[in-house]
1. Determine the pairs where a residue that is among the hydroxyl-bearing types (Ser, Thr, Tyr), located within the stretch 264-291, has a partner that is at pLDDT below 90 and near the ligand (Cβ under 7 Å from one of its atoms) with Cβ atoms under 6 Å apart, the partner being 6 or more residues away or on another chain.
2. Keeping to the stretch 339-348, report how many residues are aliphatic (A, V, I, L, M) and farther than 16 Å from residue 55 by Cβ.
3. Go through the stretch 378-397 and count every residue that is open to solvent by 10 Å² or more (accessible area, probe 1.4 Å) and within 16 Å of the ligand (Cβ to nearest atom).
4. Within the stretch 263-289, can you find the residues that are more than 7 Å from the ligand (Cβ to nearest atom) and not aliphatic (A, V, I, L, M)?
5. Scan (1) crowded, with 18+ Cβ neighbours inside 10 Å; (2) at pLDDT 95 or above; (3) not β-branched (Val, Ile, Thr) for the single condition residue 305 breaks and write down its number.
6. Restricting attention to the stretch 124-149, which residues are within 16 Å of the ligand (Cβ to nearest atom), open to solvent by 10 Å² or more (accessible area, probe 1.4 Å) and within 19 Å of the chain's Cα centre (by Cα)?
7. Do we have residue 227 as under 20 Å from residue 122 (Cα atoms), open to solvent by 30 Å² or more (accessible area, probe 1.4 Å) and more than 13 Å from the ligand (Cβ to nearest atom) here?
8. Scan (1) closer than 30 Å to residue 268 by Cα; (2) open to solvent by 10 Å² or more (accessible area, probe 1.4 Å) for the single condition residue 402 breaks and write down its number.
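The values are calculated or read from the model by the stated rules, or taken from the named source; none is laboratory data. Keep in mind that what you see is a predicted model, and the values were worked out from it rather than measured. Cβ atoms come from the backbone with ideal geometry, glycine included; neighbour counts cover every protein chain shown. In case anyone asks, the SASA skips ligands and DNA or RNA and just uses the protein heavy atoms, side chains included. Shrake-Rupley method; radii C 1.70, N 1.55, O 1.52, S 1.80 Å.
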Amino acid sequence: MTQGAPFRLRPPAPPPRASPPDLFGFLSAARANPLTTWTRAHYEKPIVYGKGVMGRVLVVNDPAAIRHVLLDNAANYRKDDLQRRVLAPGLGEGLLTAEGEQWRLLRRTLAPLFNARNVTGFAPIMDEAARRLVARLLRREGRVRDAALEMTRVTLDVLERTIFTHGLDRDPDALSRAITRFFEAVGPIDPLDVLGLPDFLPRIGRIRARPAMRFFEEVVNELVGRRKALIEAGGNAPRDLLTLLLEARDPETGEPLDELSVRANIVTFIGAGHETTANALTWTLYLLARAPDALARLVAEVDAHVTDAPLDPATHARLPWLKAVIEEAMRLYPPVPFMSREALSEDRIAGIRVPAGTLVTIAPWVLHRHRTLWKDPEVFDPERFTPENRESIDRFAYLPFGAGPRVCIGQSFSMQEMMTVLARLVRSVSFELAPGCEVAPLHRVTLRPDTPVLMRMRARPDQAARGMT
Ligand code: HEM
């Protein structure tokens with residue numbers, strides 16, 4: 001790993017527990033913030049095997065063993081009920097929650113939507129959304145803003161326009177509000193789910209989320225219906241994700257997706273793509289605001305390569321420090337802090353017998369801070385991810401986007417989006433944390449800050465004269 005790291009920032013994280021909590025302690029900690037359930041052993045041992053409220057649980061931090069579960073023997077591990085129960089109420093049978101043959105069909109049908117050509121084609125939309133963000137931030141300069149809210153706005157803007165091109169005709173903030181409310185309602189992990197109690201027992205979060213879900217469905221139905229009619233009438237449909245979804249064909253059977261599946265996957269792209277990316281952006285800004293050296297190096301890099309010309313992948317290739325900063329931010333604050341699988345039949349993982357039904361958990365939050373895998377794991381040090389150093393990181397020790405056949409389908413989409421947003425922002429805006437703003441990581445479905453990330457943003461004094469957008 002990196003020698004002589006120049007940055008010594010140790011950003012906030014709950015301290016590991018000395019020993020596991022009892023049942024009541026576990027359930028209340030899991031509801032309040034699951035990050036506080038991890039013990040010292042999890043951060044130090046390659047594998048922790050135990051029996052708890054969730055049955056037999058294996059926490060795997062050994063890269064070779066993770067490779068076995070996510071890649072080599074992936075067919076023996078399905079997304080477990082806990083993960084599906086937490087995600088499925090909002091996302092229906094979309095790609096994220098589907099299993100078995102249904103998942104295979106969806107994955108091969110949807111993979112081309114996110115190929116390099118299509119993602120590159122979205123670059124102008126992302127650039128325009130980033131410019132709109134900068135304009136918004138500079139409209140009332142110097143005002144204290146919640147960076148998390150601003151990052152949520154820009155990621156929704158990108159998703160709305162890459163999926164629907166023209167966005168929603170009605171109140172443009174209504175969709176963002178519904179999505180935010182929905183995730184707030186289903187976000188806390190319900191003790192009934194942890195205990196595996198049957199679905200007919202009502203979960204309070206689900207009940208509260210119903211109006212937001214209904215609103216979602218109405219809007220999406222309307223947009224899908226209109227677009228289908230346009231395509232059928234031979235109209236000139238925009239090349240956005242909605243058109244790509246409606247035109248997608250299973251490469252093996254030539255079949256299109258049915259309408260239910262089109263809807264479920266639109267909601268999945270929004271659900272899986274907006275909060276994850278918004279959180280990664282927010283934590284990156286937060287870390288940069290606290291690490292002036294890393295920020296100064298980034299400003300120099302951006303100023304050397306980013307102009308008013310549209311941002312594209314060729315420009316991104318000239319911004320290795322920006323990429324390293326984002327990757328280090330996702331190491332310390334992985335937007336998906338926890339993944340889990342259930343063993344379908346008996347297996348051996350790193351020599352340990354794993355009976356069928358065992359819950360196998362891979363927690364990027366713990367893995368990325370594991371004492372045996374990272375030097376000074378709590379320290380923010382983007383040097384780890386510069387091109388010279390990155391190769392020494394095991395593929396299965398760093399999993400912000402997962403790995404294996406179920407790796408994130410939106411990985412290059414969101415990397416391109418984050419590079420674009422941050423490059424535009426850093427080029428034009430100076431930002432600092434508001435005095436007294438203290439945030440801590442909170443594990444809901446994703447890893448978010450526990451309070452607004454208050455920042456004062458203004459035009460960079462050295463750029464103002466250039467008349468930035
Ligand atoms: C920083 C941003 C993002 C992060 C950190 C992230 C992370 C992840 C992770 C860890 C998984 C694997 C989960 C598992 O194996 O249990 C995943 C799957 C997925 N992600 Fe992302 N994601 C991001 C952005 C996006 C975007 C922008 C989209 C879509 C537009 C998206 C769509 C999906 C879908 C559909 C899956 C399920 C894939 C499958 O099961 O075949 N994600 N993501």
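1. The qualifying pairs are 268/94; 268/96.
2. 1
3. Within the stretch 378-397, residues that are open to solvent by 10 Å² or more (accessible area, probe 1.4 Å) and within 16 Å of the ligand (Cβ to nearest atom) number 2.
4. 263, 265, 271, 274, 275, 279, 282, 283, 284, 286, listed by residue number.
5. The failed condition is (1).
6. Matches in the stretch 124-149: 148 only.
7. no
8. (2)
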